[in-house]
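Here the structure is laid out as structure tokens; the discussion comes afterwards.
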Amino acid sequence: MTNSFADYLNTDLFFVIGSNPTEAHPMAGAKIMSSLLKGTKLIVADPRRIELAEKADIWLQHRPGTDIPLLNGLMHIIIKEGLQDQAFIDERTEGFEALKATVETYTPARVAEMTGVPENLLYDAARLYATTAKAMLCYTLGITEHVCGVDNVMSVANLAMLTGHLGKEGCGVNPQRGQNNVQGACDMGALPGDYPGYQKVANPEVQAKFEKAWGVKLSPKVGLMIPDMMDAAVEGKLKAMYILGEDPVMTDPDAHHIRKALNTMEFVVVQELFMSETAMLADVVLPGASFAEKDGTFSSSERRVQRVRKAIEPIADSKADWQIICEVAKRMGCNMDFAHPEQIFNEMAALTPSYGGINYERIEHTGLQWPCPTLDHPGTPVLHTKAFTRGKGLFKAIEHTPPAEMPDEEYPYLLSTGRILYHYNVTTQYSSALAAHRPEEMAMLHPADAATLGVKTGDKVKVTSRRGSVETKVDVTDKVLTGMIWMSFHYKDTKTNELTVDAFDPVSKTGEYKVAAVQIEKVM
Amino acid sequence: MPTVNLTVDGNQVSVPKGTTVLEAAWKAGSFVPTLCHDPELSKPGACRLCVVEIKGARNMPASCVTEAAEGMVVETASPAVVEARKTILELMLDNHPQDCLTCHQAGDCKLQDYAYFYNVKPGAFGGETKNYDIEDDNLFIVRNMNKCILCGKCLRACEEKQGRAVIDFAYRGFKTKVATAMDKHLADSVCVSCGTCVAVCPTGALTEKAMLGKARKWEVEKVRTTCPFCGVGCNFDLNVHQGKVIGVTSNAASPANGRDMCVKGRFGTDYVHSPKRLTKPLIKKNGEFVESSWDEALDLVASKLGDIKKKYGSDSIAALSSARCTNEENYVMQKFMRAGIGTNNVDHCART
């Protein structure tokens, strides 16, 4: 996030696109919901009538996979009506003319045709967002989980730059991170091209710095991203995998392919809390410890580094995950002799400029938001106040990319997926109260389609894609469009990712979880 | 900012204009009890427990809704004030179950604390008492409306902090109660079980179901930590008793969320003690997992990875690190892969 959660109470307009915060990020959702009572405006762009759509001043119900036409269409209107922030564009950005030329062709009539959003709502949303001084854009995986995820993100950034809604309080581009420490895992260099703090492995100076710190020769060759790892495993090039606290069989697209990858490799070790679908395929399973059983830190969506504190001893014969990894490393002759996570943090902070001024003492009470390069730096609640990371913000002129697989005669329904309030990707299924409250998948299906299929709420259907097939109960509701089925990915008994498409954004390699073609039949 | 100067219990105090008499009195070091007041919520001035005497005023105003003014002379503990407070507490106690011995909230109950402080005992008025069924048919929250003192914090928190307004006052007079639309149970309402109402309730009217009977309030050790679910980064207190996490309570000092939480954070961390947790290292032998010692398992992992590295090279090995593990664990994982194995094949589910 460029801005902070505290800023949610300091804006005049939320534009929420591809995000369902009242379920997936409930405290962010609560801040939005309570702001509305004070008169804060809300624009929601989502194919589903999510809770915030019902509360919105303007709801743009665009078809799945049409975010770029929608955003280009809004920018078209803003430029046509001269509502852009020309001073911001002139001072802080470059590439405006190219953007202007591209969005020129996204006329309201064409965009209405492409997205299904009526022209008058496009005008209303464009004008409201452009003319509200403090307007905050929020997005999540509805933007990124497409074959054009990176282009979607760029389009969101284009819109914010066009209207000068960046680098200021109550504004910004704010992707809420899906998981508790997905920000931190990225920050720590659990990425194939990056050392901690996004220092590039291909940069010789960076390589030299880490070689000196760690006392070993390091590889400058950028590693594989997860989908490439799975492909390499199936092809026999990747022989072993060490999986820490992840369940790719359940959570990665096209589970069949993931299983094949894991089964093909010579050796798979999984470090987990539970016997996950992935762990079942491992050669060795190591019992890790939960967040309550170890010290450390998480970094949240707002880049806030906060303490995780050990409240109880590791359960039974389990061990803190950092200890297990260090034990394996030591046995392989790699010196990783840490006595406490604080030592690890300090080593990392010394090598990571954006974390350089952070230590356990400083984050004891309220955490700190990076970048925080020095011990006297107060942290950074709002990014890009004076300049962007590359200097000037670069507009990207972006054309529409349709989803990889759209419904056709054989697979006539569009499957979209996401998270529900009562579950998280993992672990909540083992919470007795949460599991009892929402024990099984309830796929959302429009009443018209339910009538065609002859099903009512609670009935079972079989959903089949070109990859696989699962059974699920349905919840008949007009919160989804006709021709669409929406499912979560929380349940072992309904493995939704058996169905999802194995198509990825070419840059980020993020899977297209939001669009796949399926057929649906009633289970008698 | 303009300030006003006033005298509270003989002490001079200066506060910014707009400050309430209650806040000024607290700043002056005086004790003023409150039940309906909450610094983060709107101020109904409902419970009247914070009444004070103000020289020249024709009655005793509720200090939480009275603005401090220049030259005010305030008494927070005069005989008249104490008598008024005792009467309010007597009225409450005579319509409140006398079950502090078994009440989950005992030790952390404002009504109990004030009754103790003012030495108020039940029986002063007698009369009718509420007799509602205890509502415990949802999985998260137990509602005992017999213990409700109608302070209204729950409904204000639900509306003002969560933006939901699932509950409000219903009925009139003695029959007034906090209810959902049509006075249905929470389980049959649009409540999303965030438990923010529980966090602000000053009595035992609203309690966390899973914690009932597990430990007295004073036995619980609270360990502040960061939530393991979504990426908002809420903080809360793990409630620990005898080496077990028995539940979660919110902590007002949490930067992203204050006392507000969602159903997962507040009620979902019991997975930590799930009987399905893995408890021993497991090695697959002939297609079946067999329990092993740590040494055997770690030696096997190290030797297998070592052999594969030797045979096929460093880039034949990869790691999936974890967006659910700590920064420190992600750091050691990428360091192990880079410095130990010699490959940059390390990624995590940011993209999946």
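Derivation of every value follows stated rules applied to the coordinates shown; laboratory data play no part. This is a predicted model, so every value here is computed, not measured. Positions of Cβ are generated from backbone atoms using ideal geometry, with glycine treated the same way; all protein chains shown enter the neighbour counts.
Some points to look at:
- Evaluated at q = 0.18 Å⁻¹: base-10 log I(q)/I(0), Debye formula over Cα of segment A:5-176: -1.14
- Alpha-carbon Rg with Dmax, taken over segment A:224-274, Å: 10.1, 30
- Between A:LYS217 and A:LYS134, residue separation times 0.36 nm minus the direct Cα-Cα distance comes to 24.9 nm.
- Within chain A, longest stretch clear of exposed GluC sites (Glu not before Pro) (DSSP loop, no more than 15 other Cβ within 10 Å): A:105-234
- Stokes-Einstein D for segment B:3-77, Kirkwood Rh over Cα pairs, 20 °C, 1.002 mPa s (µm²/s): 178
- Computed magnitude of the charge dipole of segment B:220-275 (debye, nearest 20; Cβ of K, R +1, Cβ of D, E -1): 20
- Beta bridge orientation in chain A: antiparallel %, DSSP, nearest 5: 40
- Rounded to the nearest 500, the helix-only mean residue ellipticity at 222 nm of chain A stands at -8500 deg cm²/dmol, with each DSSP H run of n ≥ 4 adding -39,500 (n - 2.57).
- When Rg and Dmax are taken over the Cα atoms of segment B:194-352, they come to 21.0, 67 Å.
- Among A:ILE344, A:ILE363, A:ILE325, sorting on how many other beta-carbon atoms sit within 10 Å of each Cβ, with the fewest leading, yields A:ILE363, A:ILE344, A:ILE325.
- Between B:LYS184 and A:ASN335, the modelled label-to-label distance comes to 6.6 nm, taking each label 7 Å out from Cα in the direction of the beta carbon.
- In segment B:220-275 the Cα-Cα distances spread across 10 Å bins starting at 0 as 27, 57, 16, 0 percent of all pairs.
- Residue separation of A:GLU410 and A:ALA202 scaled by 0.36 nm, minus their Cα-Cα distance, works out to 70.3 nm of gained length.
- Note on chain A: with charges restricted to the Cβ of Lys and Arg (+1) and Asp and Glu (-1), its dipole about the Cα centre is near 680 debye.
- Restricting the trypsin sites (Lys or Arg not before Pro) of segment A:303-411 to loop positions (DSSP other than H, G, I, E, B) with no more than 10 neighbouring Cβ atoms within 10 Å leaves A:LYS386, A:ARG390.
- The protein assembly as shown: antiparallel DSSP beta bridges as a percent of all, rounded to 5: 60
- Which of A:SER4, A:SER299 has the fewest Cβ neighbours within 10 Å, and the rest in rising order: A:SER4, A:SER299
- Fraction of alpha-carbon pairs over 44 Å apart in chain A - percent: 16
- Loop-resident trypsin sites (Lys or Arg not before Pro) (DSSP state other than H, G, I, E or B) in segment B:151-260 with no more than 10 further Cβ atoms inside 10 Å of their Cβ: B:ARG172.
- For chain B, the Cβ-based charge dipole about the Cα centre amounts to some 640 debye (Lys, Arg positive; Asp, Glu negative; other atoms uncharged).
- Those aspartates and glutamates that a straight Cα-Cα span of less than 18 Å connects to B:LYS244, excepting residues fewer than 8 apart in one chain: A:GLU293, A:ASP295, A:GLU313, A:ASP317, B:GLU208, B:GLU219, B:GLU221, B:ASP270
- Residue exposure sequence - A:THR131, A:THR427 - by fewest surrounding Cβ within 10 Å: A:THR131, A:THR427
- Where a label projected 7 Å from the Cα of A:ASN10 along Cα→Cβ would reach, residues of segment A:158-183 with amide N under 13 Å: A:167-172
- Sum of -39500 (n - 2.57) over DSSP H runs of 4+, divided by residues of chain B (222 nm, nearest 500): -6000 deg cm²/dmol
- A convex hull fitted around the alpha carbon atoms of the protein assembly as shown yields 183 Å³ per residue.
- Applying a DSSP loop filter and a limit of 10 other Cβ atoms within 10 Å to the GluC sites (Glu not before Pro) in segment B:28-120 leaves B:GLU70.
- Within straight-line cross-link reach of A:LYS80, lysines at Cα separation under 19 Å, skipping those fewer than 8 residues along the same chain: A:LYS100, A:LYS396
- If both residues of a DSSP beta bridge must be in segment A:413-522, then about 65% of such bridges are antiparallel.
- Label-reachable residues, segment B:83-101, where backbone N falls under 13 Å from a point 7 Å from B:TYR132's Cα toward its Cβ: B:96-97
- Gyration tensor (Cα) of segment A:414-495, equivalent ellipsoid semi-axes in angstrom: 22, 14, 11
- For chain B, with +1 on Lys and Arg beta carbons and -1 on Asp and Glu, the positive-most of B:PRO61, B:GLY306, B:PHE125 along the dipole: B:GLY306
- Filter on A:LYS168/B:LYS161; B:LYS43/B:LYS130; A:LYS134/A:LYS386; A:LYS310/B:LYS222 - keep pairs with C-alpha separation over 19 Å: A:LYS168/B:LYS161; B:LYS43/B:LYS130
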